[in-house]
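Structure first, then comments.
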Amino acid sequence: AQSVAQPEDQVNVAEGNPLTVKCTYSVSGNPYLFWYVQYPNRGLQFLLKYITGDNLVKGSYGFEAEFNKSQTSFHLKKPSALVSDSALYFCAVLLNNFNKFYFGSGTKLNVKP
Amino acid sequence: NAGVTQTPKFRVLKTGQSMTLLCAQDMNHEYMYWYRQDPGMGLRLIHYSVGEGTTAKGEVPDGYNVSRLKKQNFLLGLESAAPSQTSVYFCASSFPGTGGYTFGSGTRLTVV
């Protein structure tokens, strides 16, 4: 069965410190990997994606993610967190049929001043 | 640019009532999707459509029906609402093969 795991329900970080939000996946084939962010009472917004090529992907708002095939992980990172980064973050896998995503359960990021 | 518009934004239903959620997109996307979001469970796919006149079941289709009579609209129906259908519903759309979804802002449904 296809699955996406975000092992941390919540991540707390002080402003200015680096942040990491973890994601691992278990799917057949070569998936496309995505990160989305959700602010309160809003829909999901695209942050970045990995299709192929360089394992380090840069996205919106200074975020980046590293694809690790051997560990089947796609962790989201940012060198210096902002209070405005506080939101709910979802990792997602798109299988080769392009029809549908599998989403992780989400990680709430809290950045404190 | 409207993108993906969902109506209504909020609704309270009594058990057994029916309702239809409307999703409209103005980006000429082929694919449209309905997800529900529940705490600790991420987003789960209810139904999806790969083109006008076609629909398919997702992970959690029971209790829901959909229709895609026009390319720009994707309707989600609840024939007999149950408290287990209390959730936030998101519509999304995309072009084939890009993987880039555009999401609506959600509909918060409470069934009492």
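Each residue of the stretch B:19-36 was assigned a 3J(HN,Hα) from its phi angle through the Karplus expression (A = 6.51, B = -1.76, C = 1.60, θ = phi - 60°), giving 6, 10, 9, 10, 10, 10, 10, 10, 10, 6, 6, 6, 9, 9, 9, 10, 10, 10 Hz with x at Gly and Pro. Under a Gaussian network description of chain B, with springs only between Cα atoms under 10 Å, the residue in B:VAL60, B:VAL50, B:VAL88 that fluctuates furthest is B:VAL60. Only beta bridges with both residues in the protein assembly as shown are counted; by DSSP, about 90 percent of them are antiparallel. Proximity of backbone amide H atoms, modeled 1.01 Å from N, is registered between B:LEU43 and A:PHE103 at under 5 Å, excluding neighbours fewer than 5 places apart on the same chain. Figure legend: label point modelled 7 angstrom from the Cα of A:ALA14 along Cα→Cβ; residues of the stretch A:65-93 with amide N under 16 Å from it are A:80-83. Working from the Cα coordinates of the stretch B:35-79, the gyration tensor eigenvalues give, after taking √(5λ), semi-axes of 20, 11, 9 Å in decreasing order. The reciprocal of the average 1/r between distinct C-alpha atoms defines the Kirkwood hydrodynamic radius, which for chain A equals 14.1 Å.
For a footprinting-style exposure proxy, rank A:SER26, B:SER18, A:SER73, B:SER93 by other Cβ within 10 Å, fewest first.
Details: A:SER26 13, B:SER18 10, A:SER73 17, B:SER93 26.
By the 10 Å Cβ count, ascending: B:SER18, A:SER26, A:SER73, B:SER93.
By the compact-protein rule of thumb, 2.2 N^0.38 Å, the alpha-carbon radius of gyration of the protein assembly as shown corresponds to a ratio of 1.02. Sorted fewest first by neighbouring Cβ atoms within 10 angstrom, B:CYS23, A:CYS91 come out as B:CYS23, A:CYS91.
Taking all pairs of different Cα atoms in chain B, averaging 1/r and flipping that mean, what Kirkwood radius in angstroms comes out?
Values: mean 1/r = 0.0722 Å⁻¹.
In chain B this quantity evaluates to 13.9 Å.
Taking every DSSP beta bridge that has both residues in chain B, what percent is antiparallel when rounded to the nearest 5? Here the antiparallel bridges make up roughly 90 percent for chain B. As a test, work out the antiparallel percent of DSSP beta bridges whose residues both lie in chain A, rounded to the nearest 5. Percentage antiparallel, nearest 5: 85. Each label was represented as a point 7 Å from its Cα along the Cα-to-Cβ direction; for B:THR20 and A:LYS69 these points are 4.8 nm apart.
How big is the Rg/Rh ratio for the stretch B:69-112, C-alpha atoms only, Rh by Kirkwood, two decimals?
Values: Rg = 13.2 Å, Rh = 12.5 Å.
My calculation puts Rg/Rh at 1.06.
None of the figures in this text is laboratory data; all of them are computed from the coordinates on show. Quick caveat, the model's predicted, so the values are computed rather than measured. Glycine gets a Cβ as well: all are built from the backbone with ideal geometry, and neighbour counts include every protein chain shown.
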